[in-house]
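Below you'll find the structure, written out as structure tokens, and then a few comments.
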Amino acid sequence: MNAAQSPVTSEGAAAAAMVPSRQHAHRATTDPATPARVPLLDVRDLHVQFQTRTGVARVLDGVSLHVDRGETLGIVGESGSGKSVFFLALLGILEANARITSGSARFGGFDLLGSSEAERSSVRGRELAMVFQNPRAALNPIRRVGQQIEDVLLRHTATPRHALQARAVDALRRVQIADPEARYHAYPFELSGGQCQRVMIAMALACEPALLIADEPTTGLDVTTQAAIMALIARIARENGMATILVTHDLGLAGEHCDRIAVMHAGHLVEMAPAAELFARPRHPYTARLLASTPYGALSIDALTSVPGQLPDLTRTDLPPCRFSERCDRVLPACAGPRVMQDTGEGHHVACHNPC
Amino acid sequence: MNAQRLAAVRAGAGFVLRRLAAALPNLLGVVVVTFLLTRALPGDPAAYFAGPAASREAIEEVRRALGLDQGIATQFGFYLRDLVQGDLGNSISTGRPVATELIERLPASLELTLIALLLATLIAVPLGVLAATRPGSVVDHLCRVIATVGVSLPTFFTGLLLAYVFYFLLGWAPPPTGRLDPAFSPPQTVTGFYLIDALFALDGELLAAVAGQIALPAITLALFVIAPISRMTRASMLGVLSSDFVRTARAVGLSRTRVLYVYALRNALLPVVTTLGMVFSFLLGSSILVEKVFAWPGVGSYALEALVASDYAPVQGFVLVLAALYVLLNLVIDLAYGVVDPRARFEG
């Protein structure tokens, strides 16, 4: 039912079926006992702590997640919910004050958390790429954008030096930058925000990764540019059979582009469901509140409400098992007990003792 | 492409000329202030030069000869007229033209200051980078200690201490008596910098002697400015390391060295370049005392001796040269900025 909803998805699934034939995907299918059903990315029970001035903040508290080949997954949550930290942890590029305390993450056949920095950095940018928000700041201000793309090619491919420039220009052309030969020589400050984001995407996709993590890729861009950037990511994902994770605070954006959506709150994954299912039947009170605060569909402005309260202080030592319980109007005595993620069918998972 | 390059050179030349022209009012201000300040100094040069036994008439005679009996405005008028002709007046103590003496002594001061700046940069920048990449480590604390010590000890004290330890106690350094041991004759003048001239002369022994002489005063000056440079490098590097584009560089898998040196350090050096400009002016100022301690025949010790003797012309000349150097240096820094930062190139 989900596939029927979005043409992007059905073609994406078809392309995904061809993925194993691609040269760099062989590692994922080394185990013949479980063909095809091995998820591309499989994260289990990830815990991340930040050492802060005021104490230890448990920023991620047991997050599990999987992504299939060619799939588009949305991660939705307010700022501070830990959605970006989750992916920085997977890539191994957390700040120095952050520590992964437990959990496992397999990407294809590769152990993301257990491998050395040298092994991990050879996967980053080649098979697992990430683009960030605020593209102008995300590019080196004093290096030509063409050179920045070449840096990625030099790191991960065996492109001979004389062919580097041509490949970098090709990468720019793929992301539909006008006059790529001239833009190759540009510095980020000479480009618009949208063009900078295209350059970021060109860098991320230069090595045709199997998974692209787009962290708020359209935040700070104007609306028409947002649509163009999202269309660009969707097209390339479809053409390459690339899985995409869209990290956003915008439930509407996620609903438009994703097959499945996972909702995060204060370092917990609270609900995960196919996009249409989530919009039709939100089960977690937080998701329901979030939907009611999103200008989506036929909802009138007057009907919009905000989510009451704010994210709890994660450095607190007396955080309740359900970190939403203090903002929740459906709280039960059972909510003081351990959290359980229950499967309510149709691929719908919710971590709530009293789902809507 | 060629026409483009030509246009860039033209724009660059225009920029330099505009900057120099803009510096003229500053230099004029310096001329006025130093003129007035030297007149406000205590002591009567006429009495000083007439000698302790001179009669009142003899002193008045000297005063008239020096032109000091005229009004201040008239004196300033004469001074300006001479200045335009490149005449900085004569030193009363040596009787020689100040311009000539300054030109003779300037290379000694510049060599000392530049070597000190180079030395300080070579130590401070790596120190700052290490401190930033390992915050809270031994290197970080060492950086902080050196910074505190270097700033809190006055240069003449560090100079005396170094001379005492390395010349008097250990005997590693040659006597602190100028640019070159009297046993050597100075290298043939090409640049006026003994180190470079000795290199040109291909004379290893001479080079070693010159380097030995300059080591202690240069280290004294360098110690004084390692602090600001290393602290600025550390702060700037820390800022850049937590910036979005460094995260991007790491996210695409670039090696740690490439992230640190190509992405982070080059960006972090921009404010350091600015600091170097400020530090250079500290160095020019503090070199006066260091030159005195090490009997360095530079413009600083020259001005200091003149000041003690109430000899106006050399002091005014010295301050003017310093101001001109400062203007030139800032120009060089702006140009250097344009080389490192493409954004600065287009704002001209």
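What to note about this one:
- Condition met for residue B:174 (out of contact with any Lys or Arg (no Cβ under 9 Å at 6 or more places or on another chain), in a helix (DSSP H, G or I) and either within 14 Å of chain A (Cβ to nearest Cβ) or more than 30 Å from residue A:118 (Cβ to Cβ) (or both)): no
- Sole exception among (1) within 14 Å of chain A (Cβ to nearest Cβ); (2) buried (at least 17 other Cβ atoms within 10 Å of the Cβ) for residue B:199, by number: (1)
- Residue check for residue B:234: basic (Lys, Arg) and within 13 Å of chain A (Cβ to nearest Cβ): no
- Residue B:100 vs. criteria within 21 Å of residue B:324 (Cβ to Cβ) and not hydrophobic (A, V, I, L, M, F, W, C): yes
- Residue within segment A:185-207 that is outside any loop (DSSP other than H, G, I, E, B), at pLDDT below 95, among the aromatic types (Phe, Trp, Tyr) and surrounded by fewer than 24 Cβ atoms within 10 Å (Cβ to Cβ) present: yes
- Residues of segment B:270-283 satisfying the condition of being buried (at least 19 other Cβ atoms within 10 Å of the Cβ) and farther than 21 Å from residue B:338 by Cβ: B:283
- Which listed residue is modelled with pLDDT of 90 or more, surrounded by 20 or more Cβ atoms within 10 Å (Cβ to Cβ), on the phi > 0 side of the Ramachandran plot and touching a Gly at 6+ places or on another chain (Cβ under 9 Å), from A:62, A:74, A:82, A:103: A:82
- Filter result for residue A:227 (among the hydrophobic types (A, V, I, L, M, F, W, C), surrounded by fewer than 23 Cβ atoms within 10 Å (Cβ to Cβ) and within 25 Å of residue A:70 (Cβ to Cβ)): yes
- Exclusive hit being in contact (Cβ under 8 Å) with a residue 24 or more places away in the chain, under 19 Å from residue B:297 (Cα atoms) and among the hydrophobic types (A, V, I, L, M, F, W, C), set B:226, B:214: B:214
- Residue in segment A:332-347 that is touching a helix residue (DSSP H, G or I) at 6+ places or on another chain (Cβ under 8 Å), closer than 30 Å to residue A:55 by Cβ and free of Cβ contacts under 8 Å to residues at least 24 places away in the same chain present: yes
- Residue match in segment B:115-127 (condition: hydrophobic (A, V, I, L, M, F, W, C), out of contact with any strand residue (DSSP E or B) (no Cβ under 8 Å at 6 or more places or on another chain) and in a loop (DSSP other than H, G, I, E, B)): no
- For beta carbons closer than 6 Å, sequence separation of 6+ or different chains, a first residue in segment A:119-144 that is facing chain B (nearest Cβ under 7 Å) and touching a residue at least 40 places away in the same chain (Cβ under 8 Å) and a second that is among the hydroxyl-bearing types (Ser, Thr, Tyr) and surrounded by 24 or more Cβ atoms within 10 Å (Cβ to Cβ), the qualifying pairs are A:138/B:248; A:140/B:263.
- Screening residue B:130 on (1) of a type outside the set (Gly, Ala, Ser); (2) under 22 Å from residue B:320 (Cβ atoms); (3) crowded, with 17+ Cβ neighbours inside 10 Å; (4) modelled with pLDDT of 85 or more shows it passes everything except condition (2).
- The single residue among A:77, A:109 that is more than 29 Å from residue B:255 (Cβ to Cβ) and not polar (S, T, N, Q) turns out to be A:77.
- A single entry from B:8, B:22, B:73, B:13 fulfils the requirement of being closer than 19 Å to residue B:324 by Cβ, outside the structural domain of residue B:316 (by TED's automatic domain parsing) and either loosely packed, with under 12 Cβ neighbours inside 10 Å or touching a residue at least 40 places away in the same chain (Cβ under 8 Å) (or both): B:22.
- The condition of being of a type outside the set (Gly, Ala, Ser), at pLDDT 85 or above and under 26 Å from residue B:38 (Cα atoms) holds for residue B:319.
- Test: residue in segment B:291-309 that is within 20 Å of residue B:193 (Cβ to Cβ), surrounded by fewer than 23 Cβ atoms within 10 Å (Cβ to Cβ) and assigned by TED's automatic domain parsing to the domain that holds residue B:193: yes
- The lone criterion from (1) polar (S, T, N, Q); (2) at the interface with chain A (Cβ under 10 Å from one of its Cβ atoms); (3) touching a helix residue (DSSP H, G or I) at 6+ places or on another chain (Cβ under 8 Å); (4) surrounded by fewer than 20 Cβ atoms within 10 Å (Cβ to Cβ) left unmet by residue B:267 is number (4).
- If you check A:209, A:188 for being more than 8 Å from every other protein chain (Cβ to nearest Cβ) and touching a Cys at 6+ places or on another chain (Cβ under 6 Å), only one passes: A:188.
- Considering segment B:22-35, and only residues there that are among the small types (Gly, Ala, Ser) and closer than 18 Å to residue B:333 by Cβ, the residue that is nearest to the chain's Cα centre (by Cα) turns out to be B:23.
- Among the residues of segment B:276-332, those identified as among the aliphatic types (A, V, I, L, M) and assigned to a loop (DSSP other than H, G, I, E, B) are B:295, B:309.
- The condition (being closer than 23 Å to residue B:319 by Cβ and away from chain A (no Cβ under 14 Å)) is satisfied by just one residue among B:124, B:99, B:163, B:147: B:99.
- Some residue of segment B:242-258 being free of Cβ contacts under 8 Å to residues at least 24 places away in the same chain, more than 14 Å from chain A (Cβ to nearest Cβ) and either in contact with a strand residue (DSSP E or B) (Cβ under 8 Å, 6 or more places away or on another chain) or in a loop (DSSP other than H, G, I, E, B) (or both): no
- Taking segment B:1-87 and the helices (runs of 4 or more DSSP H) fully enclosed by it, the elements with 3 or more residues that are at pLDDT below 75 and not aliphatic (A, V, I, L, M) are at B:2-40.
The values are calculated or read from the model by the stated rules, or taken from the named source; none is laboratory data. The shown structure was predicted, so the numbers you read here are calculated from the model rather than taken from an experiment. Positions of Cβ are backbone-derived with ideal geometry, glycine not excepted, and every protein chain shown enters the neighbour counts.
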